[in-house]
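The values are calculated or read from the model by the stated rules, or taken from the named source; none is laboratory data. Keep in mind that this is a model prediction, so the values were computed, not measured. In case anyone asks, the SASA skips ligands and DNA or RNA and just uses the protein heavy atoms, side chains included. Shrake-Rupley method; radii C 1.70, N 1.55, O 1.52, S 1.80 Å.
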Amino acid sequence: MIETPRRPRRPSWLVHLSPGWAVERLFGTIMMVAAPLTAAPGMLTGTVCALLSLGLAGWLAFLFLERQAPVAALVVLGVSSLVAATAVGSTADGTAMIMSCSGLVAFSMHTRPTPLVIVMMTGVAVTVAALSCVFAERPAGDAFGNAAVMLVAVVLGLSRRQYRVQAEHAERLLEQTRRAQAEHARAAALDERTRIARELHDVLAHSLGALSVQLELADALLSEKGDLNGGLERVRRARRLAAEGLAEARHAVAALRDDIPPLTEAMARLAADHGVDHPADVRFEVAGTPRSLSPAAAVCLLRTMREALTNAAKHAASTAITVRLDYRAETVRLVVRNGTGPAGGDRAARPEGYGLAGMRERLALVGGRLTAGESDGGWQVVAEVPA
């Protein structure tokens, strides 16, 4: 399995906290504590002092619960703001107003409550503050002024909340992009492994198959017929095949390169080499007007021909082989057919090996297809790719 580095997961409580969370909470705490401490003399009566103390206690509870229980913390914060709002009318110096607005700003900046909940909370706080001014027989202008200040504070908080929502959304998108890139890299690596496996199989199966035939002939010539010159020639041919196979294996990972020879030339050469290395006649035919194909499609057809020739040498070594490359209007069709041979009758019953599977996968990557099976007493492989 291919492992990709994973970004450390943020704790769940941090999902709803902006990078400036500590600064925001510190500033709110300073406002909550400084407001009653700087209140005008005689302003903090018993009831007002109790209400502001409850508001401050609610703020501190909110700070304590925010990480462990965000929902409960928001409920406590809302109650704290409302408690402070009930003392707005009794504190003409704005002490309770400062504390209530600090709570509302913190509430409206939080990303967990919905905008509707924030609006409802603001409406309740404004109503409580207005009723407090009415009961304290404050001028109507004070009530409207306090309501306006609360609304401005909430609007500022909502602006900050929108920024945090966008930041969280961007962070989620970034995380999704990282995961998608990791999956893409993993899929690309798996595809590359499969491609290299196909390339190595195609190269080694052909080279080693031809090498085995040459060594067997050399052994027969030397041991049975005593033909030293013929045996040495086969050994030299086997040596050349080994060198060519090694060189091609080293370049297998670059099989889809642009500098391959023309397809008809490469196939003709492959057919001629196969006829030299194996005791079988190979006839290569071209139909239609040759034209250039994409490097990927050309390599697919060339590898398919090589695999088909290798299989023919393996299962019906003494039979003639016909290779036909047909340039059609919309496709290019390759047909490799060999007649019946010593092992030809067993071919259909054999399970599909890596060679046919690799050819089929290779052709599918370029939009082509492969069929293989018995035909008129022989074995036929047909490959087609888009022109």
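Carbon-plus-sulfur accessible fraction, segment 64-177 (probe radius 1.4 Å, protein heavy atoms only): 74%. Pair-distance distribution of segment 119-181: all C-alpha pairs, bin width 10 Å, starting at 0; shares per bin in whole percent are 20, 31, 19, 14, 10, 5, 1. From the alpha carbon centroid of segment 76-111 to that of segment 122-161 is 9 Å.
Among LEU365, LEU325, LEU228, the order of accessible area from largest down is LEU365, LEU228, LEU325, computed with a 1.4 Å probe on protein heavy atoms.
Proximity of backbone amide H atoms, modeled 1.01 Å from N, is registered between ALA387 and THR331, VAL332 at under 5 Å, excluding neighbours fewer than 5 places apart on the same chain. The listed residues ARG25, ARG360, ARG138 rank as ARG360, ARG138, ARG25 when sorted by accessible area, largest first, using a 1.4 Å probe.
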